[in-house]
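Peer 1: Could you have a look at this structure, given as structure tokens, before my questions?
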Amino acid sequence: MKYKYYSSIEILTTLERQNIVKFLYEHLDEFGDSKEDIDRAIDYAMSSAPMAGGFILTATDKGKLAGVVVMNKTGMKGYIPENILVYIAVHREQRGKGLGKALMNETLLYAKGDIALHVEPENPARYLYEKVGFDNKYLEMRLKRS
């Protein structure tokens, strides 16, 4: 498995970006977002604006995408973790082989500071997050305005 790290300093080509959006859209299954929302999270991760940024980490196997992580910085520290793991997805054919855990461990090497993530209770990825040290500190509530 080969890993590639992208941040605002690295160049993410249009084709790489399109492949990442497509991969996440297809492999996040019912826990995913629209292509537009995925693209916005990538914009934020690649931003060099103050109080923004983050990174993207890809895993490839034989030249094909096998896993992707999108991490966004929150611009905060302490009361809110410095980072939010927005997306992590593993190709359907690669699941159950330890790639999710390896990708998460690689991600932890790049992230500076604390990390938050949102996971639905029925998402099987929840067990991966617990294995690498995440715990459920809060119940998230949202007010969604249309």
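Peer 1: Under the Karplus relation 6.51 cos²θ - 1.76 cosθ + 1.60, θ = phi - 60°, what is the ordered set of whole-Hz ³J(HN,Hα) values for region 106-111, x standing for Gly and Pro?
Peer 2: 5, 4, 5, 5, 8, 6
Peer 1: In addition: As an exercise, take the mean of 1/r over every pair of distinct alpha carbons in region 41-107, invert it, and state the Kirkwood radius in angstroms.
Peer 2: It works out to 12.8 Å.
Peer 1: 7 Å from Cα along Cα→Cβ at both LEU109 and ILE80: what's the point-to-point distance in nm?
Peer 2: That separation, rounded to one decimal, is 3.0 nm.
Peer 1: Mind running the shape call on region 83-142? Use the C-alpha gyration tensor, a ≥ b ≥ c as the square roots of the eigenvalues: rounded below 1.5 for a/c, prolate if a/b tops b/c, oblate otherwise.
Peer 2: oblate
Peer 1: Using a ≥ b ≥ c from the Cα gyration tensor of the chain (square roots of the eigenvalues), is it rounded, prolate or oblate, where a/c under 1.5 gives rounded and otherwise the larger of a/b and b/c decides, a/b for prolate?
Peer 2: Judged from the Cα gyration tensor, the chain comes out rounded (a/c under 1.5).
Peer 1: Kindly write out, for region 28-36 in residue order, the coupling ³J(HN,Hα) from the Karplus curve 6.51 cos²θ - 1.76 cosθ + 1.60 (θ = phi - 60°), rounded to whole Hz, with x marking Gly and Pro.
Peer 2: Values, residue by residue: 7, 6, 6, 9, x, 10, 5, 4, 5 Hz.
Peer 1: Rounded to the nearest percent, how much of the accessible area of the chain (1.4 Å probe, protein heavy atoms only) is carbon and sulfur?
Peer 2: 52
Peer 1: Kindly report the accessible area of region 2-146 per residue (heavy atoms of protein chains, probe 1.4 Å, no ligands, DNA or RNA), in Å².
Peer 2: 66
The values are calculated or read from the model by the stated rules, or taken from the named source; none is laboratory data. Everything quoted here is computed from the prediction, not taken from an experiment. Note that we place each Cβ from the backbone using ideal geometry, even for glycine, and neighbour counts take in every protein chain shown. To get the accessible areas, we keep the full protein, side chains included, count just its heavy atoms, and leave off ligands, DNA and RNA. Shrake-Rupley method; radii C 1.70, N 1.55, O 1.52, S 1.80 Å.
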